[in-house]
1. As I understand it, the value is the acute angle between the Cα axis of helix 2-24 and the longest principal axis of the Cα atoms of the chain; what does it come to in degrees, rounded to 10?
2. Taking region 1-149, how much of its Cα-Cα pair set, in percent, is spaced more than 23 angstrom apart?
3. How large is Rg over Rh for region 401-530, taking Rg from the Cα atoms and Rh as the Kirkwood inverse mean of 1/r across Cα pairs?
4. Place +1 on the Cβ of every Lys and Arg and -1 on the Cβ of every Asp and Glu in the chain, take the dipole about the Cα centre, and give the residue among Leu138, Gln108, Ala211 whose Cα lies farthest towards its positive end.
5. By the scheme Lys and Arg +1, Asp and Glu -1, what is the net charge of all other residues having a beta-carbon under 10 Å from that of Asp163?
6. Any chance you could get the radius of gyration and Dmax over the Cα atoms of region 393-433, in Å?
7. Rounded to whole Å, give me the distance from the Cα center of region 54-127 to that of region 415-450.
8. Among Ala373, Thr36, Ser425, whose Cα lies farthest out toward the positive end of the dipole of the chain, if unit charges sit on the beta carbon of Lys, Arg (+1) and Asp, Glu (-1)?
Amino acid sequence: MDGKKGTVRERWLQRAEVAYRRMFDGKSQEELVTLTQREDLAVSIGKELAGFLLEEHVAMDPVAQPEEAATTCCPKCGQPGTPAVEKREALPERVVTTRVGDICVRRQRWCCAKCRIFFFPLDVRLGLGTEGYSPTLLSKAVRQASKAASFVEASDDLRELADVEISPTHLQRLSERIGEEWAEVRDEEVEKFRKRELERTYKEAPRGAAAVMLDGGRLQTRAEDGGRGVSDGSWRESKVACCLTLQTKVHDVDPEPEPPSKFLEPTEAARLASEIKRRSRPVPRRNDEDRKEAKSPKGKKKRKKPAKGRRRRKRNRTQVRTVVATMENSENFGWQVAAEVHRRGLDRAKRKACVCDGQAYNWSIYEMHLLPAGFVAILDFVHLLAYLYDAAHALHGSDAALGWKTYEQWLRWAWSGEVGKLLSSLRAAAAKLAKKGSAAAARKQTVEETLTYVTNNRQRMNYPEYRRLGLPISSAPVESTIKQINRRVKGSEKFWLESGAEAILQLRAAQLSQDDRWTRYWSRRRKHRRAVGSGRLAQAL
Ligand SMILES: [Zn+2]
């Protein structure tokens, strides 16, 4: 071993000497003028040296060629395997792309007679998958692929920022594979939860309050067997949950009996109402919506908000947000949320709420999984605001001033939990429009929709009490999460296969979670998989 190390050391010193001369002697000196030229050469020399160190260090690993006596177990079944390369034969090689370029890994191949697979103990020890990239590089590639606007852009970013060349198609394949693995792990956890075997991550119950917020996003899918082109493109709903811990206190009385000024300011109220409406239907234009939303509130707030803003910002401060996102049906989604709530111990918080926009399936999930744990159901106040705004203006038709007056009254009643007054006023409004006959049919329908909405949700509108308990009354966190997810998955030119969408949602959700799960997921040992494709990928039987 010492002799071998000695040669490595000698070769290292030789290389370092050559590197030194490349940088300081010889004819290249005239070309090393600008900092860019010098930087490029220094970095490329550095990478070559680092590649050498990495390759040699891996080659010295005892597991590269385990002793006969060592028991080397199959990664699939755990039973001892047998070496599959004769002593005199050269060890099988594979090329792995790392942050410092390609390195060659030589290691003994073993086989498991039972599983009928070849496996490489060193690969398992190094944490290598079958992809041909080092885990760090793979994580960077997948991170960018699930963050950039498209795989084409991500491929571009990686070339520019990380000096790595991965085609958009391959990037997509890699991301989908990792996302699918994470979805599998999630399903296993849900299965454990259903058997009451899922462990909690934290020993103690969360301090402060906990909240679960449910909502849906949108994306377009195409037929699974439709080949490369788009066939059967259709808008589908993604389901998203935010699980939050909040640093809030219980008060003796409602700490905020007056509605916030933004709800009583005409342009701001109109903007909130139309934003809710726009979100509930597919938007054909690219990302105009996001851009507008990102810009407008800032400019307005500056003009509108005097010194009072500080107090409001202190309220309902989020401690940790984690995200669950899926394309699956609401029943499976419900179990996924319940497992996450259990894992984080949110059910053990003293004060807890479920805030939703009023969609029926969200309340079914609430009743099945959250109500039994003592969560309080709360109707998202901003959705309610949008309904009231529309109904008030429908009631008065073209008279915007009267429409505003009615809205203001209804909003105040809603804010102070006076649901009875609100309902009778809405009923009177519907009756008034009914008298006008067919001319006001559309307006009457708008008022009736609001009436139904308030009637269905009347048990979830005790806002003064929720505020007193320090519970959130708006589902804004899940809505902003959906915006961030949509930025990746939604767009008129983006069509996903159902499985691809599910995979990318897992990656995005992990990134948006604040409990470090991205790192945790990557450090988890990956399941043994058969290699796909050819070339540099590992061999399988
Ligand atoms: Zn086996």
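1. 70
2. That tail contains 53 percent of the Cα-Cα pairs.
3. Ratio of gyration radius to Kirkwood radius for region 401-530: 1.18.
4. Toward the positive end, the furthest listed residue is Ala211.
5. +1
6. Answer for region 393-433, Rg first and Dmax second: 10.2, 29 Å.
7. Measuring centre to centre over Cα atoms gives 73 Å.
8. Ser425
Bear in mind these aren't lab numbers, they're just calculated from the coordinates by the rules spelled out. Computed from a predicted structure; not experimentally measured. Ideal geometry is used to build each Cβ from the backbone, glycine not excepted, and the neighbour counts take in all protein chains shown.
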